[in-house]
Amino acid sequence: MLHWSEHKEAAGGVWQMKLVFDLYRSLGPSRVQLFLHVIVIFFFLFSPAARRISRAFLEAVSASKGQGRVRSRQVYRHFYCFSYALLEKLSAWTRDIQVKDLVRKGPDLEILVKQLEERHGAV
């Protein structure tokens, strides 16, 4: 099986992204968020290769943590979280959210700040 980064995008991927961006610009982020489940369901149902890749990734994570079998709802949630993150990126790119609007919290925040201060890479 190909690594996810080597997988070719599904046909029509560009027009789908353009559609989401156009919807975002015309309806705004809160309304597009309402459509997000519909968009994700469509992608989930009609992209079996993406489902396989997602499941393989989640199974690798699950196995490393000694957890059980990956279910379809977990694969769907993976798709949804990925899509929601893209929606947040659109909000940042269009300046609908500013740095001051971000809530910075979590156990890894100190590590991230230290990495950045020491000019080390961080994702």
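The values are calculated or read from the model by the stated rules, or taken from the named source; none is laboratory data. The structure displayed is predicted, hence computed values, not measured ones. Neighbour counts run over all protein chains shown; Cβ positions are idealised from the backbone, glycine included.
Details
- Taking region 24-61 as the range and being of a type in the set (A, V, I, L, M) and farther than 14 Å from S83 by Cα as the test, the residues that pass are L27, L45, A49, I53, A56, L58, A60, V61.
- Checking V61 against (1) among the β-branched types (V, I, T); (2) surrounded by fewer than 10 Cβ atoms within 10 Å (Cβ to Cβ); (3) modelled with pLDDT of 90 or more, the condition it does not meet: (2)
- Test: residue in region 82-92 that is under 30 Å from L45 (Cα atoms) and charged (D, E, K, R): yes
- Some residue of region 18-30 being exposed (fewer than 12 other Cβ atoms within 10 Å of the Cβ), over 18 Å from the mean Cα position of the chain (by Cα) and polar (S, T, N, Q): yes
- The set of residues in region 57-75 that are within 19 Å of F46 (Cα to Cα) and β-branched (V, I, T) contains only V75.
- R69 being exposed (fewer than 13 other Cβ atoms within 10 Å of the Cβ), in contact with an Asp or Glu (Cβ under 9 Å, 6 or more places away or on another chain) and modelled with pLDDT of 90 or more: yes
- Unmet criterion (only one of (1) among the charged types (D, E, K, R); (2) at pLDDT below 85; (3) outside any helix (DSSP H, G or I)) for K114: (3)
- Filter result for S62 (of a type outside the set (D, E), more than 16 Å from M17 (Cα to Cα) and under 18 Å from the mean Cα position of the chain (by Cα)): no
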